[in-house]
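To start, the structure itself, in structure tokens.
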Amino acid sequence: MTEVHRKTVLLYEKHGKVATVTLNRPKALNALNTGVLKDLRDALVDAEADADIHVIVLTGAGDRAFCAGADIQELRDKSAIEARDWSLWVQEITSYMERVRKPILAKINGFCLGGGLELAMACDFRIATDKSLFGLPEVNLAIIPGGGGTQRLTRLIGKTKALELLMTGTRIYAEEALRLTLVNTVVPVEALDAAVEAVIKELRTKSAVTLGLLKLAVNNGLEMSLEQALYYEAECFGSALATEDSREGLKAFLDKRKAEFKGK
Ligand code: CAA
């Protein structure tokens with residue numbers, strides 16, 4: 001059964017075990033205004049809480065853009081204090097995406113710029129078409145990324161290339177983004193649905209609770225010293241071993257049969 005919640009600027013659909021969140025301002029290349037960001041936060045909270053949902057897909061409406069960034073119209077009139085608070089709010093949303101205990105896949109076709117790339121970088125998978133363009137062009141507006149871009153780009157591709165992209169505002173094609181490991185996969189436009197489905201199919205064979213622990217181990221561990229992160233990994237390992245699914249996974253292996261996970 002498909003459940004569709006139609007909102008003006010964001011579509012939120014649940015089909016089977018997958019929740020799809022679509023940024024829905026195609027005429028503005030899905031630019032992020034306050035309404036989109038609020039609805040996005042609400043949709044993610046709902047998808048995380050829904051025990052039936054295994055995977056979340058984030059995408060953009062239309063065939064031109066995943067998202068061309070923050071709504072420049074809205075940014076224009078902000079004071080320094082308002083801009084700082086807005087930045088903290090968007091950062092809270094992107095950080096929340098990294099804490100959601102379910103895989104989030106960014107399905108990218110077209111422009112993926114500024115705040116759009118910041119959202120994509122907070123996802124766990126980035127699957128893009130070969131027509132997609134990536135960049136943090138804020139410098140061209142004499143501003144800087146405020147949704148986590150300076151930090152996540154640097155963590156994902158390293159300081160050398162991150163500073164180059166940030167300081168020149170250059171847009172790069174998907175193939176270059178793949179080379180820099182900014183995206184996982186690049187496919188022709190007509191193969192995008194199948195590529196995303198293939199990842200979903202693979203993830204659905206795993207225990208949802210284990211996927212959540214893996215996500216926490218990587219994302220939280222990255223912010224710790226190696227020693228602390230290794231200890232944290234051991235704690236997550238302990239939590240994994242305490243799940244019903246791990247009992248089933250280990251037993252199924254020993255019984256030489258396929259495991260059946262319940263996400264518990
Ligand atoms: N905010 C608001 N509106 C936007 C927008 C944005 N970020 N990006 C595009 N649009 C609107 C355009 O104003 C235009 O609207 P109208 O038809 O009403 O004029 C419509 O979308 C189509 O855009 P263009 O006519 O510009 O399309 P194009 O094909 O000529 O160019 C583009 C496409 C290169 C992506 C260009 O739109 C562009 O450069 N957009 C801005 C990209 C950008 O600078 N993003 C960073 C924003 S700041 C940010 O994101 C801060 C942060 O860290 C969160």
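Rule-based calculations on the coordinates, nothing more; no lab input. Predicted, not measured: the structure shown is a model, and the values here were computed from it. Every residue, glycine among them, receives a Cβ derived from its backbone with ideal geometry; neighbour counts consider all protein chains shown.
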Quick one: dipole size for region 208-255, taken about the Cα centre, charges +1 on Lys/Arg Cβ and -1 on Asp/Glu Cβ, in debye to the nearest 20. 80 debye
For the chain, alpha-carbon Rg relative to the globular expectation (2.2 N^0.38 Å, N residues): 1.03
Antiparallel %, DSSP beta bridges [both residues in region 2-203], to 5: 35 percent
Which GluC sites (Glu not before Pro) does region 198-264 hold that lie in a coil by DSSP with at most 14 other beta carbons within 10 Å? GLU223, GLU260
Considering only DSSP states other than H, G, I, E and B, which trypsin sites (Lys or Arg not before Pro) in region 59-102 qualify as loop sites with at most 15 other Cβ atoms within 10 Å? ARG64, LYS78, ARG101
Give, as a single signed number, the net charge of other residues whose beta carbon lies under 10 Å from the beta carbon of VAL187, with Lys and Arg counted +1 and Asp and Glu -1. -3
When the chain is treated as a GNM, springs tying every alpha-carbon pair under 10 Å, which of ALA47, ALA19, ALA191 comes out with the largest mean-square fluctuation? ALA191
To check my understanding: the extent here is largest minus smallest coordinate of the Cα atoms along each principal axis. What are those three numbers for region 208-255, in Å, largest first? 39, 18, 14
The summed charge of the ALA229 Cβ neighbourhood (under 13 Å; Lys/Arg +1, Asp/Glu -1) stands at -4
Under a Gaussian network model of the chain whose springs join Cα atoms within less than 10 Å, the largest fluctuation of ALA28, ALA208, ALA65 belongs to ALA28
Full extension between ALA234 and ARG101 adds, at 0.36 nm per residue less the Cα distance, a length in nm of 46.1 nm
